[in-house]
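So that we are looking at the same thing, I have put the structure below in structure tokens.
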Amino acid sequence: MSSPRHNLYIIPILFLLLNAPPHTLCHTKGIRPKRPPLPIQLKTNMTQAKFSEQQFMKWVEFVGGLKHSLFKAAKNKLSPSYTLTVDNNPDSGDFTTIQEAIDSLPFVNLVRVVIKVRAGVYTEKVNIPPFKSFITIQGAGASKTIVQWGDTAQTPGPKGQPIGTFASATFAVNSPYFIAKNITFKNTTPVPKPGAIGKQAVAFRISADTAAFVGCRFLGAQDTLYDHLGRHYYKDCYIEGSVDFIFGNGLSLFEGCHVHAIAQLTGALTAQGRSSMLEDTGFSFVNCKVTGSGALYLGRAWGPFSRVVFAYTYMDNIILPKGWYNWGDPNREMTVFYGQYKCTGAGAGFAGRVSWSRELTDEEAKPFLSLSFIDGSEWINL
């Protein structure tokens with residue numbers, strides 16, 4: 001389905017890509033605060049706790065004016081150049097699978113393409129490669145349009161080896177400026193028994209910058225939503241799982257979302273993977289709702305500098321009073337950042353929380369409450 005106007009873009013974009021740095025570890029390369037000299041010498045009469053508090057407030061001031069993007073020159077192309085239709089009935093659409101529609105696009109896609117997926121269950125594994133940007137997947141309603149598959153981390157790959165968590169995703173996106181609306185992404189693997197090995201099963205993985213999700217459902221158990229890397233916006237979405245069911249190292253804002261636990265015994269809502277104090281990543285939940293079954297941690301410190309905030313969020317009584325788990329490493333208690341701000345519900349009480357989480361002040365909460373947390377004004381225009 002390539003056309004001459006698409007081909008005109010291929011040579012310059014390939015030149016830029018081939019001359020780009022081979023690895024981007026963080027969204028703010030070149031503008032992050034410089035690492036302080038080691039070892040850090042504490043001033044007289046300053047405890048480690050006071051020093052940690054001082055460093056945190058420096059970060060609050062820094063992130064308040066932060067520009068995270070390496071893609072400022074790019075523009076989010078929202079007016080579709082053309083629309084494709086996917087329908088289970090071969091006589092009613094352009095394609096019968098979503099992957100066929102994606103495969104039909106040019107190797108390097110630089111125009112907004114809307115792929116309308118009509119009502120139905122699509123049992124397929126979908127992958128969007130890195131250069132196919134500006135794709136919108138639009139369902140007929142999250143309860144009517146469902147994409148599902150059943151891989152787990154231990155599913156054998158082409159060479160007989162387990163594919164791992166990363167490759168288990170039902171739907172994987174590796175290109176920027178992706179949008180999904182009114183559709184369900186599902187991993188059909190049952191809830192694993194406590195302590196089960198290799199049962200991680202991803203329903204959706206986003207491994208690119210500037211992605212938005214509106215009115216979507218993400219259904220799975222352990223590791224449902226792999227928020228791998230990049231800036232992401234989730235609006236009015238439903239996310240269901242048991243253990244670490246929102247995980248990764250993205251910089252993501254969840255607004256008006258319903259998070260539902262289906263843990264049999266003990267579960268965990270988040271496992272945010274920030275590994276360095278210089279990484280500007282983290283999860284913020286604003287005006288959300290947390291319900292479900294089992295006993296639920298708000299988060300586990302997958303990364304030693306893990307960062308998660310809940311603000312104006314209703315929490316059912318399934319939340320464990322401690323709230324957070326250090327991943328079995330007490331050293332992480334000094335470096336993680338876990339906070340609550342004006343949350344409500346039986347599970348929102350701060351009195352029983354671990355001492356290394358925070359009940360945020362107005363000043364501390366401000367950077368996490370709006371689209372500025374993910375530079376949304378630069379690229380979100382839904």
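In segment 113-145, what count of residues is obtained for those that are under 21 Å from the mean Cα position of the chain (by Cα) and assigned to a loop (DSSP other than H, G, I, E, B)?
7
Return the total of residues in segment 196-211 being out of contact with any helix residue (DSSP H, G or I) (no Cβ under 8 Å at 6 or more places or on another chain), assigned to a strand (DSSP E or B) and buried (at least 23 other Cβ atoms within 10 Å of the Cβ).
To start, the set of residues in segment 196-211 that are out of contact with any helix residue (DSSP H, G or I) (no Cβ under 8 Å at 6 or more places or on another chain) comprises 196-199, 201, 203-204, 206-209, 211.
Filter again for assigned to a strand (DSSP E or B), leaving 204, 206-207, 211.
Okay, now just the ones that are also buried (at least 23 other Cβ atoms within 10 Å of the Cβ), so 204, 206, 211.
Adding up the residues that qualify gives 3.
Mind checking whether some residue in segment 310-320 is outside any loop (DSSP other than H, G, I, E, B) and hydroxyl-bearing (S, T, Y)? Spell out the reasoning first.
Of the residues in segment 310-320, the ones outside any loop (DSSP other than H, G, I, E, B) are 310-311, 314-315, 319.
Pick out the ones that are also hydroxyl-bearing (S, T, Y) and you get 314.
Taking every residue of segment 310-320 in turn, at least one turns out to be outside any loop (DSSP other than H, G, I, E, B) and hydroxyl-bearing (S, T, Y).
Tell me, yes or no, whether segment 279-288 has at least one residue that is within 19 Å of T189 (Cα to Cα), touching a His at 6+ places or on another chain (Cβ under 8 Å) and of a type in the set (D, E). Reasoning before the result, please.
Kept after step one, since they are within 19 Å of T189 (Cα to Cα), are these residues of segment 279-288: none.
No; the residues of segment 279-288 include none that is within 19 Å of T189 (Cα to Cα), touching a His at 6+ places or on another chain (Cβ under 8 Å) and of a type in the set (D, E).
How about segment 228-257: which of its residues are acidic (D, E) and either crowded, with 24+ Cβ neighbours inside 10 Å or within 20 Å of F337 (Cα to Cα) (or both)? Outline the logic, then answer.
Initial filter on segment 228-257 (acidic (D, E)): 236, 240, 244, 255.
Across segment 228-257, the qualifying residues are D244, E255.
Here is a check on your reading of the model: is T266 β-branched (V, I, T), under 19 Å from W327 (Cα atoms), surrounded by fewer than 23 Cβ atoms within 10 Å (Cβ to Cβ) and in contact with a Leu (Cβ under 8 Å, 6 or more places away or on another chain)? Show your work before the answer.
On the way: β-branched (V, I, T): yes; under 19 Å from W327 (Cα atoms): yes; surrounded by fewer than 23 Cβ atoms within 10 Å (Cβ to Cβ): yes; in contact with a Leu (Cβ under 8 Å, 6 or more places away or on another chain): yes.
Against the criterion (β-branched (V, I, T), under 19 Å from W327 (Cα atoms), surrounded by fewer than 23 Cβ atoms within 10 Å (Cβ to Cβ) and in contact with a Leu (Cβ under 8 Å, 6 or more places away or on another chain)), T266 qualifies.
List pairs: first in segment 345-357 and basic (K, R), second assigned to a loop (DSSP other than H, G, I, E, B), Cβ under 7 Å, 6+ apart or cross-chain?
So the pair list comes out as R353/K322; R353/G323.
Here's a follow-up. Restricting to segment 182-195, and then to whatever is of a type outside the set (A, V, I, L, M) and surrounded by 21 or more Cβ atoms within 10 Å (Cβ to Cβ), can you tell me which residue is modelled with the lowest pLDDT?
Narrowing segment 182-195 to residues of a type outside the set (A, V, I, L, M): 182, 184-190, 192-195.
Now narrow it down to the ones that are surrounded by 21 or more Cβ atoms within 10 Å (Cβ to Cβ): 184-187, 189.
Numbers: T184: 98, F185: 98, K186: 98, N187: 98, T189: 93.
Within segment 182-195, the match that is modelled with the lowest pLDDT is T189.
Would segment 201-211 turn up any residue that is touching a residue at least 40 places away in the same chain (Cβ under 8 Å), among the small types (G, A, S), under 15 Å from N127 (Cβ atoms) and in contact with a Pro (Cβ under 9 Å, 6 or more places away or on another chain)?
yes
Quick grid of which residues meet (1) at pLDDT 95 or above; (2) under 24 Å from H232 (Cα atoms); (3) aromatic (F, W, Y); (4) crowded, with 17+ Cβ neighbours inside 10 Å:
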| residue | (1), (2), (3), (4) |
| --- | --- |
| K75 | no, yes, no, no |
| L84 | yes, no, no, yes |
| V108 | no, yes, no, yes |
| K116 | yes, yes, no, yes |
| P129 | yes, yes, no, no |
| I146 | yes, yes, no, yes |
| F171 | yes, yes, yes, yes |
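Please enumerate the residues belonging to segment 285-301 that are buried (at least 24 other Cβ atoms within 10 Å of the Cβ) and part of a loop (DSSP other than H, G, I, E, B).
A301, the sole residue that qualifies.
How many of the residues making up segment 307-356 are charged (D, E, K, R) and under 19 Å from C288 (Cα atoms)? Give the steps one after another, and end with the answer.
Looking only at segment 307-356, we keep the residues that are charged (D, E, K, R), and these are 307, 316, 322, 329, 332-333, 342, 353.
Keeping just the survivors that are under 19 Å from C288 (Cα atoms) gives 307, 316, 342.
The qualifying residues number 3.
So, in segment 152-161, exactly how many residues are surrounded by fewer than 22 Cβ atoms within 10 Å (Cβ to Cβ) and either in contact with a Ser or Thr (Cβ under 7 Å, 6 or more places away or on another chain) or closer than 23 Å to E240 by Cα (or both)? Reasoning before the result, please.
Filtering segment 152-161 down to residues surrounded by fewer than 22 Cβ atoms within 10 Å (Cβ to Cβ) leaves 153-161.
Going one step further and asking which of them are either in contact with a Ser or Thr (Cβ under 7 Å, 6 or more places away or on another chain) or closer than 23 Å to E240 by Cα (or both), we end up with 153-155.
Result for segment 152-161: 3.
The values are calculated or read from the model by the stated rules, or taken from the named source; none is laboratory data. Quantities reported herein were computed from a predicted structural model and do not represent experimental measurements. A quick note on method: Cβ atoms are made from the backbone with ideal geometry, for glycine too, and the neighbour counts reach across all protein chains shown.
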